[in-house]
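Have a look at the structure below, then the notes.
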Amino acid sequence: MIDLIRAETWVFDLDNTLYPASSRLFDQVDWRMTHFIAEYLDVDPVAARKVQKTYFREHGTTMRGLMERHGLDPKIFLDFVHDIDLSPISPCPVLAQSLDRLPGRKIIFTNGSVGHADRITRHLGIHHHFEGVFDIVQSDYVPKPAAAVYQRFIEIFDVDPATTVMVEDMAKNLVPAAALGMTTVWVRTDTTWGGEGADDGHIDHVIDDLSAWLGSLTGGADD
């Protein structure tokens, strides 16, 4: 585990990490998945919800399950489920200032798409702080926490795991990061899936609010 402020690279998940889970923004994505499945498989919403959650557990993402079992075109799915209203989240000056003061590279590593990440970070006013986005398309639609995806990420962005911090809201997605030697930060939320595996000994820091935590590391917001 490294001195956080001396990290050379910061890797951030997107959803429920760069914005608070309490905004319930991801609930829109969640329910749009249900709606998509209901139409795509011609089933009622209850059955669609069951398929959605089953595929999430068994395949890592709902989309991956639809691809493997039903031949889904992932682009159609991603465009549909990410067509959401961003009004529940607002620009956060503390987060923007903290990212500006935080030494090192900043990269987004998400199971979503580049377009989704771009739209959210622009809305939050933090887009310019990130060197790039590693998304589900670049991982050939294989989601976190597949170990090979992390290896591909560090190769593409030339990341040294020993000097890297990874921040995630899903504890199990930090397992491969820890195995590679990254310092891990879990953003605790009230979601059941977010806490799965949290007690497995691979988490270095547990936080509840990214903006406040980064602010404390970098000296807080400007007066």
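The values are calculated or read from the model by the stated rules, or taken from the named source; none is laboratory data. Owing to the predicted nature of the structure, the values given are computational and were not obtained by experimental measurement. A quick note on method: Cβ atoms are made from the backbone with ideal geometry, for glycine too, and the neighbour counts reach across all protein chains shown. With ligands, DNA and RNA removed, areas are computed over all heavy atoms of the protein, side chains included. Shrake-Rupley method; radii C 1.70, N 1.55, O 1.52, S 1.80 Å.
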Can you find a residue that is open to solvent by less than 80 Å² (accessible area, probe 1.4 Å), among the aromatic types (Phe, Trp, Tyr), assigned to a helix (DSSP H, G or I) and closer than 30 Å to MET166 by Cα anywhere in the range 26-34? yes
* To do: Confirm whether THR54 is modelled with pLDDT of 95 or more, part of a loop (DSSP other than H, G, I, E, B) and either more than 21 Å from GLY115 (Cβ to Cβ) or of a type in the set (Ser, Thr, Tyr) (or both).
  => no
Those residues of the range 79-117 which are without any contact (Cβ under 8 Å) to a residue 60 or more places away in the chain, touching a helix residue (DSSP H, G or I) at 6+ places or on another chain (Cβ under 7 Å) and open to solvent by less than 60 Å² (accessible area, probe 1.4 Å) amount to PHE80, VAL81, HIS82, ILE84, SER113
Of the residues in the range 25-51, those that are among the charged types (D, E, K, R) and over 19 Å from ILE84 (Cα atoms) number 3
Across (1) over 30 Å from ASP73 (Cβ atoms); (2) touching a strand residue (DSSP E or B) at 6+ places or on another chain (Cβ under 6 Å), GLU131 clears everything bar (1)
Given the criteria over 14 Å from LEU95 (Cβ atoms), open to solvent by 60 Å² or more (accessible area, probe 1.4 Å) and of a type in the set (Val, Ile, Thr), does VAL133 qualify? no
Output for Cβ contacts, cut-off 7 Å, separation at least six or different chains, first residue in contact (Cβ under 8 Å) with a residue 24 or more places away in the chain and more than 26 Å from GLY195 (Cβ to Cβ) in the range 153-168, second part of a loop (DSSP other than H, G, I, E, B) and open to solvent by 10 Å² or more (accessible area, probe 1.4 Å), reads ASP160/GLU8; ALA162/GLY181; THR163/ILE2; THR163/GLU8
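Residue-wise test of (1) touching a strand residue (DSSP E or B) at 6+ places or on another chain (Cβ under 8 Å); (2) not β-branched (Val, Ile, Thr).
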residue: ALA47; (1), (2): no, yes
residue: GLY65; (1), (2): no, yes
residue: ASP83; (1), (2): no, yes
residue: CYS92; (1), (2): no, yes
residue: LEU102; (1), (2): yes, yes
residue: THR110; (1), (2): yes, no
residue: SER113; (1), (2): no, yes
residue: HIS116; (1), (2): no, yes
